[in-house]
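The values are calculated or read from the model by the stated rules, or taken from the named source; none is laboratory data. These figures come from a predicted structure and were not determined experimentally. A quick note on method: Cβ atoms are made from the backbone with ideal geometry, for glycine too, and the neighbour counts reach across all protein chains shown. Accessible surface areas use protein heavy atoms only, side chains included; no ligands, DNA or RNA. Shrake-Rupley method; radii C 1.70, N 1.55, O 1.52, S 1.80 Å.
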Amino acid sequence: MTDIPLSRGTASARLAAPGWLYLPLLSLPLWAWTLWAVPPDGAVPVLVASAAALAALVVLALSLNRRERRVRELTGEIAGLRADTAALAEDHLPRLSERLRQGDSAETALHRVPAPADPGGRAVLGAVAAQIAAAERRRASAMVACATAAGRVQALATTMLADLRRMQERHGDGVGSGDDVLGDLMHLDHSTAQVGRIADSIAVLTGARSGRRWGRAIGMESIVRGAMGRIGDYRRVRVHNVCTQAVAGFAAEGVVHCLAEILDNAARFSPPTSEVHVHVEEVQAGIAVMVEDGGLVMGEEALERARRTVESGLDLATISGTRLGLAVVGQLAQRYGLSVSFRSSSRGGTAVVLLLPQKLIKPLPRPRVDRTPDTAAGIAPPPASASPGTAAEADAGTETTPPASPTADGARTAETGLPQRRRGMTLAAAEKARPAPADSGPATPTKGFGAFRSAVRGQDPNGSSKDA
Amino acid sequence: MSRSHRQEGPDRLYVITSGRSAGADESLDAVTLIAAESEPAPGMQSEHAEILRMCAAGPMAVVEISAHLHLPVAVVRILLTDLLDSGRVTARHPRPAPSPATPLASPDVLEKVLVALHNL
């Protein structure tokens with residue numbers, strides 16, 4: 001603000017009368033009287049002294065006059081600035097923000113508003129316009145993003161409701177078989193999983209947490225399959241996984257969601273006949289998951305935009321409204337310290353590499369460990385130590401419903417043909433020696449084994465009903 | 001269809017079966033014994049590998065595999081059909097049980113009875 005020229009108020013100062021110059025004029029008669037009064041012999045020194053005093057008086061009057069003019073200038077300038085500021089606050093800024101809210105760009109809005117003469121005021125107006133424009137853009141894109149996501153949820157929910165209605169009609173007649181029911185339920189499960197992902201995306205974009213948390217580390221295979229299960233075209237995804245590590249429970253849901261969004265992008269932006277390949281490998285820095293699609297090659301510009309979207313995941317102004325996926329990926333990557341990189345793929349499409357840092361990696365928990373208490377408390381002995389046939393029989397014989405008993409007896413009858421019925425390897429060797437009979441027995445109702453399975457699993461019987 | 005709480009993971013059944021709910025080998029029933037014919041290969045789906053590991057010790061019934069994998073029988077039958085098709089396991093079907101409709105249906109048994117009667 002120091003380089004603002006002092007142009008304001010000078011005109012009024014020039015009009016002011018040079019008041020201080022009257023002082024030496026008033027002292028002029030006094031000087032004349034002194035010349036007349038002094039004796040002629042002392043006239044020269046007195047004259048010189050009084051002339052010097054008069055000159056000093058003139059100089060003093062001139063300097064005082066200049067100072068007063070300067071004060072007037074500055075006062076006028078301050079008044080002008082005050083008026084400008086008032087106009088800026090009461091008139092210019094409200095008009096500017098109104099223009100911006102109506103959707104004008106910052107430049108257009110600035111042109112429509114009268115610019116203040118003061119460069120400082122102009123700078124203030126420009127900065128405010130830029131800020132308001134950015135805020136408006138952010139607000140508008142956030143609204144569009146939320147609306148898009150909500151629209152998708154609604155569409156999927158509508159589909160689900162229609163499906164449910166059809167299923168109710170079909171199974172209400174009682175003609176459906178077990179496989180149909182399973183298929184329908186899987187279908188429903190799939191739709192629900194996708195609804196869940198979109199709801200999670202909204203939650204992540206609005207800064208909330210994802211829906212669930214896992215109490216234990218989740219293996220990479222489950223992570224990838226969990227992500228596949230949340231997208232529409234999961235059948236096109238091919239997984240190449242040799243990784244035996246797991247992701248810590250607190251981050252598992254985030255990683256699943258992040259990967260699901262990447263897979264969804266890959267499946268959505270590639271031809272519906274092409275495959276999406278997922279390679280999981282352990283690297284020095286952690287676990288690298290590479291998702292390759294066979295879609296269009298993203299140009300350098302598009303790749304750069306995708307990188308920017310992921311990097312500025314927190315900035316809603318960069319979301320383009322319909323494409324929420326990468327913003328969600330960016331948010332999750334920032335939250336869990338994942339690194340996401342894009343490049344063109346050797347398969348002709350785009351490759352996205354998601355790198356999970358070492359701090360998220362845990363060794364895979366062995367599922368067998370928690371099975372031991374089950375088998376100890378339950379009825380069936382561990383499979384390696386005893387004949388599975390014996391276990392099934394013992395269980396079926398002691399506590400199953402009548403329909404299962406003949407089948408269990410059938411199994412025993414088949415085994416009575418052996419020279420010696422012993423468990424483990426003897427049975428295996430004998431079974432291998434005998435050619436498998438061509439005719440199969442009657443299909444066994446699996447319902448009868450619900451009790452057995454529940455005993456091994458330690459939960460309520462819930463076997464799929466496949467009535468013969 | 002609910003799996004036990006402890007075993008629950010983010011992967012869903014339809015992903016495990018690649019979207020199939022039917023198409024399993026019709027001859028596979030709950031008490032069919034499954035014997036492994038090969039070792040689990042790296043990169044295999046973990047359920048397939050687990051089945052091969054379980055059956056390596058000795059033949060195992062389908063219902064038991066289902067119980068140990070914490071998966072429904074119908075899903076296990078689909079997985080087993082994959083393994084059967086690739087020749088990694090073989091299925092041993094139980095003989096039909098003697099029932100009021102077909103008493104002593106097994107020709108083996110009848111033959112043994114005949115031999116025993118001859119020997120008397």
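Details
Yes/no per residue for (1) among the hydrophobic types (A, V, I, L, M, F, W, C); (2) at the interface with chain B (Cβ under 7 Å from one of its Cβ atoms); (3) touching a helix residue (DSSP H, G or I) at 6+ places or on another chain (Cβ under 8 Å); (4) surrounded by fewer than 21 Cβ atoms within 10 Å (Cβ to Cβ):
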| position | (1), (2), (3), (4) |
| --- | --- |
| A:ASP184 | no, no, yes, yes |
| A:VAL195 | yes, no, yes, yes |
| A:HIS240 | no, yes, no, yes |
| A:GLN245 | no, no, yes, yes |
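- Which numbered condition A:HIS279 fails, given (1) under 23 Å from the mean Cα position of the chain (by Cα); (2) more than 10 Å from chain B (Cβ to nearest Cβ): (1)
- Enumeration of residues in the stretch B:75-119 that are modelled with pLDDT under 85, over 29 Å from A:ASP180 (Cβ atoms) and open to solvent by 30 Å² or more (accessible area, probe 1.4 Å): B:ARG95, B:PRO98, B:PRO100, B:THR102, B:PRO103, B:LEU104, B:ALA105, B:PRO107, B:ASP108, B:VAL109, B:LEU110
- Lone unmet requirement of (1) in contact with a helix residue (DSSP H, G or I) (Cβ under 8 Å, 6 or more places away or on another chain); (2) of a type in the set (A, V, I, L, M, F, W, C); (3) at pLDDT below 85; (4) outside any loop (DSSP other than H, G, I, E, B) for A:ALA117: (4)
- Checking each residue in the stretch A:281-307 for being loosely packed, with under 14 Cβ neighbours inside 10 Å and assigned to a helix (DSSP H, G or I) picks out A:GLU300, A:GLU301, A:ALA302, A:GLU304.
- Residues located in the stretch B:30-56, provided they are open to solvent by less than 40 Å² (accessible area, probe 1.4 Å), free of Cβ contacts under 8 Å to residues at least 40 places away in the same chain and over 30 Å from A:GLY249 (Cβ atoms): B:CYS55
- Considering the stretch A:120-133, and only residues there that are touching a helix residue (DSSP H, G or I) at 6+ places or on another chain (Cβ under 6 Å) and within 30 Å of A:LEU326 (Cβ to Cβ), the residue that is most open to solvent (accessible area, probe 1.4 Å) turns out to be A:ALA130.
Yes or no, residue by residue, for (1) among the charged types (D, E, K, R); (2) assigned by the TED database to the domain that holds A:ASP264; (3) modelled with pLDDT of 80 or more:
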| residue | (1), (2), (3) |
| --- | --- |
| A:GLN131 | no, no, yes |
| A:ARG137 | yes, no, yes |
| A:GLY151 | no, no, no |
| A:THR158 | no, no, no |
| A:ASP173 | yes, no, no |
| A:GLY176 | no, no, no |
| A:ASP180 | yes, no, no |
| A:GLY183 | no, no, yes |
| A:HIS187 | no, no, yes |
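- Residue in the stretch A:253-265 that is in contact (Cβ under 8 Å) with a residue 12 or more places away in the chain and open to solvent by 20 Å² or more (accessible area, probe 1.4 Å) present: yes
- Filter result for the condition that a residue is modelled with pLDDT of 80 or more and crowded, with 17+ Cβ neighbours inside 10 Å, over A:LEU110, A:LEU74: A:LEU110
- Residue in the stretch A:211-231 that is touching a Ser or Thr at 6+ places or on another chain (Cβ under 7 Å), at pLDDT 85 or above and open to solvent by less than 60 Å² (accessible area, probe 1.4 Å) present: yes
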